[in-house]
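Q: I have a structure here, written as structure tokens, and I will follow up with some questions on it.
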Amino acid sequence: MNIVKHIAIVALVAGVATTAAAQTPAQTPAAMLPRAVLPVARAPEEVGLSAFQLKRLEDATKAHIESGIVPGAVMLVARRGKIAW
């Protein structure tokens, strides 16, 4: 891809971001507004998940971050309409 196309893409993306940031809440499209937050389960087992297995997932993810395989992670596990972890 040549430099002119790169510049055009960057300008387009920057223009979209600036336009979205300049909108007032009344002008913001519904798709950009935050959605209602899911209820939170008291324990993962409440929705049929294993706290032990989720801990294994957390430990593996931390190891990947510390070793540099991934730069970071944000994780959320939901099941049956509730945030479990």
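Read-outs: derived from the displayed coordinates by stated rules, not from any lab. Treat the numbers as computed from the prediction; the structure is a model and nothing was measured. Note: ideal-geometry Cβ built from the backbone for every residue, glycine included; neighbour counts use all protein chains shown.
Q: Could you give each residue of segment 71-85 its phi-based ³J(HN,Hα) in whole Hz, using Karplus coefficients 6.51, -1.76, 1.60 with θ = phi - 60°, and x for Gly or Pro?
A: With coefficients 6.51, -1.76 and 1.60, one gets x, x, 7, 10, 10, 8, 10, 10, 8, 6, x, 10, 6, 9, 6 Hz.
Q: Which order do peptides 61-68, 46-53 fall in by mean Cβ count within 10 Å, highest first? Let's see the in-between values first.
A: Numbers: 61-68: 10.9, 46-53: 12.6.
Order by mean packing, descending: 46-53, 61-68.
Q: By how many nm would the segment from LEU57 to VAL77 grow when fully extended, if each residue of separation counts as 0.36 nm and the alpha-carbon distance is taken off?
A: 6.1 nm
Q: Can you bin segment 36-85 into rounded, prolate or oblate? Criterion: square roots of the alpha carbon gyration tensor eigenvalues sorted a ≥ b ≥ c, rounded for a/c under 1.5, prolate for a/b above b/c, oblate for the rest.
A: In terms of gyration-tensor shape, oblate.
Q: On to the next question. Would you mind checking which residues have amide H under 5 Å from ARG79's amide H? H placed 1.01 Å from N; only 5 or more apart, or other chain.
A: ALA84
Q: In whole Hz, what ³J(HN,Hα) sequence does segment 40-52 give by Karplus (6.51, -1.76, 1.60; θ = phi - 60°), x for Gly and Pro?
A: 9, 6, 5, 8, x, 5, 4, 10, x, 10, 9, 4, 4
Q: Further question: Could you list VAL37, VAL77, VAL70 in order of exposure, starting from the residue whose Cβ has the fewest other Cβ atoms within 10 Å?
A: Values: VAL37 7, VAL77 14, VAL70 10.
Arranged by neighbour count, lowest to highest, VAL37, VAL77, VAL70 become VAL37, VAL70, VAL77.
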